[in-house]
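First the structure, in the form of structure tokens, and then the observations on it.
All of the numbers you see were taken from the coordinates with simple rules; none came from a lab. None of the values given here were measured: they were computed from a predicted structure. No Cβ is skipped: glycine too gets one built from the backbone with ideal geometry, and neighbour counts run over all protein chains shown.
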Amino acid sequence: MSLPPHFSYRAGHLFIEDVSVASIAERFGTPTYVYSRSALLDAYRLYADALQGRTARGGALVCYAIKANSNLAILNLFARAGAGFDIVSGGELERVLAAGGSPDKVIFSGVGKTRVEMRQALKVGIGCFNIESRSEAGQLSDVATSMGVTAPVSLRINPDVDARTHPYIATGLKESKFGIAYADAIQAYDEVSRLEGLSVIGIDCHIGSQLLDDGPLLDALDKLIDLVDALEARGIAIAHLDLGGGVGIDYGDGDSSATIDVSDYLHRVFDRVDRWRDRRHDGKPIKLLFEPGRSLVGNAGALLMRTLVLKPGITKNFAVVDAAMNDLLRPALYDAWHAMVPAKEASSASMLTWEIVGPVCESGDWLARARPLALDEGDLIAALSAGAYGMTMASNYNTRPRAAEVVVDGSMVHGVRDREESRQLFAGEHLLP
Ligand SMILES: *Cc1c(COP(=O)(O)O)cnc(C)c1O
């Protein structure tokens, strides 16, 4: 199996950049999330390099979808590299600001925003609200008017294309809870553009996650292009087009090895957009936004864990580890596959087939199934490609403190989040009188 970039075996020991995972586990304990700084920046640069030189065409911006991994160190790294951010809550907005992100590069997505969140975002002057219903537009109009400000808005349109991904992460079909139906789009724009306190500036979509080919994304683009033409014909100017995120990563499972090549995909988008603008709009610029989450962070991270007990059985062999579904939910939630690799390479002669499971009291608490590994109790193993939707989906189920997080930069190791302590978990609880 090939390891993700910046992960390697050196003399039989698993390294992330120039640091052995064993030394990280020694110092920080387990379970611990580790991320490669170079892998994070390389992934960002794939987008940034492709988007360079778009200025004359209206410019372009990467708005990192922070729900994939919202550690402040990672947000700060991307902010310093020039990224904007896509957020889905007021809490995420606070994170972006605390990490040094500029509010004018923030896009606020999500199917339900509270008035408190709207006010908070208007107060700091975010770049755009991605609105998902007419009702929401009405509420934002009320809030903005009461504050005497104008809210920049884009409407999230559901282009009704099949992203051909897991049903829980497909978001662009008619029956999805997300976005405004394609057939209602023009009417929605007509209504929203007449509301006080709003300034319509964009159009957006986000059709799903972990997409393995760019066909559906380009289909969605074509549908948005037709809408922009129809809107401009009605006098509604659209300054930016936001294609959302969704680019899949290679999880090492064989199925995802032929995933989307970021720069190919972006160049296909530019090609279509430029031909369209030249043909029907005399080359008039339009700004392009992208909201990648997983593809910026997924392959940069791993979850380190140790085996607690081995339970070889008649039909299955269970390896119970000190990480669980509360640390890495993706297998339980989406049947997701993560490569499980040992910190120390072993000979295949001693391998058995293991079910890697956590200590949580749920049969759904599994991290990997049927993996050939040579395991002893106390061994250190790593779940790879766990940088996206890993830590951000972690919970305290079973009163389990959340894992520590570490960033490796060359031969340096930086703790970027302390392991939680149990007493923090019930610090806000109160006894009855
Ligand atoms: C989750 C999300 C993204 C990021 O999706 P990825 O598949 O991680 O790239 C982008 N935009 C919106 C609106 C989202 O909800």
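List L373, L266 from most exposed to least, where exposure is judged by having the fewest other Cβ atoms within 10 Å.
Values: L373 21, L266 24.
Placing the least packed residue first, the sequence is L373, L266.
Ignoring GluC sites (Glu not before Pro) that are buried or in helix or strand per DSSP, and keeping those with at most 14 other beta carbon atoms within 10 Å, what is the longest stretch of the chain between them?
Details: sites that count: E175, E196, E345, E362, E377, E421, E429.
Looking at the chain, 1-174 is the longest stretch - no exposed GluC sites (Glu not before Pro) with at most 14 other Cβ atoms within 10 Å.
Once label points are set 7 Å from the Cα along Cα→Cβ at both M147 and E232, what is their separation, rounded to one decimal in nm?
3.1
For the pairs K223/K284; K67/K284; K67/K344; K67/K311; K67/K177, note any where the Cα-Cα span goes beyond 27 Å. Could you put the intermediate results ahead of the total?
Numbers: K223/K284 19 Å; K67/K284 34 Å; K67/K344 32 Å; K67/K311 36 Å; K67/K177 18 Å.
Violating the 27 Å limit, Cα to Cα: K67/K284; K67/K344; K67/K311.
Rank these for me by crowding, I260, I203, I236, I131, going from fewest to most other beta carbons within 10 Å. Present the calculation step by step, with values, prior to reporting the outcome.
On the way: I260 21, I203 25, I236 16, I131 30.
Exposure proxy ranking, most exposed first: I236, I260, I203, I131.
For a Förster distance of 35 Å, can you work out the FRET efficiency between the beta-carbons of A56 and S411, rounded to the nearest 0.05?
Numbers: r = 42 Å, r/R0 = 1.20.
Computed FRET efficiency for A56 and S411 comes out at 0.25.
Regarding the range 278-318, what's the average projected area of the Cα-atom convex hull, expressed in nm²? Walk me through the intermediate numbers first.
Values: hull surface 28.2 nm².
That works out to 7.0 nm².
Is the shape of the range 37-293 best called rounded, prolate or oblate, per the rule: a/c under 1.5 gives rounded, else a/b larger than b/c gives prolate, else oblate, with a ≥ b ≥ c the square roots of the Cα gyration tensor eigenvalues?
Numbers: a/c = 1.43, a/b = 1.14, b/c = 1.25.
It comes out rounded by the Cα gyration axes.
Listing C128, C205 from the residue with the fewest other Cβ atoms within 10 Å to the one with the most, what is the order?
Details: C128 27, C205 30.
Listed from fewest to most nearby Cβ atoms, that is C128, C205.
I want to verify a result. In a Gaussian network model of the chain, Cα cutoff 10 Å, which of these has the top mean-square fluctuation: A98, A230, A349?
Sorting by GNM fluctuation, first place goes to A349.
Placing +1 at every Lys and Arg Cβ and -1 at every Asp and Glu Cβ, with all other atoms neutral, what dipole size does the range 324-433 have around its Cα centre, in debye to the nearest 20? Walk me through the numbers on the way to the answer.
Values: 9 positive and 15 negative charges, 30 e Å.
The calculated dipole for the range 324-433 is roughly 140 debye.
Computed over the Cα atoms, what is the radius of gyration of the chain divided by 2.2 N^0.38 Å, N being its residue count? It would help to have the intermediate numbers written out before the result.
Numbers: Rg = 23.0 Å, N = 433, 2.2 N^0.38 = 22.1 Å.
After normalising by residue count via 2.2 N^0.38 Å, the value is 1.04.
Want the number for N396 to F426: 0.36 nm per residue separation, take away the alpha-carbon distance, what's left?
Numbers: separation 30, 0.36 × 30 = 10.80 nm, distance 1.04 nm.
Extra length available between N396 and F426 comes to 9.8 nm.
What nm distance separates the two modelled labels at D271 and D49, each placed 7 Å from Cα along Cα→Cβ?
Roughly 1.9 nm, to one decimal.
Using Cα pairs closer than 8 Å and at least 6 residues apart in sequence, work out the relative contact order for the chain, in percent. Can you show the working numbers first?
On the way: 951 pairs, mean separation 85.1, N = 433.
For the chain, the relative contact order is 20 percent.
By the scheme Lys and Arg +1, Asp and Glu -1, what is the net charge of all other residues having a beta-carbon under 15 Å from that of R419? Please list the in-between numbers first.
On the way: positive: R27, R306, R400, R402, R417, R423; negative: E26, D322, D327, E405, D418, E420, E421.
With Lys, Arg at +1 and Asp, Glu at -1, the neighbours total -1.
Sum up the charges of everything whose Cβ sits under 15 Å from the Cβ of H6, counting Lys and Arg as +1 and Asp and Glu as -1, but leave H6 out. Walk me through the numbers on the way to the answer.
Working: positive: R10, R37, R45; negative: E17, D18, D42, D250, D409.
Neighbour charge sum, excluding H6 itself: -2.
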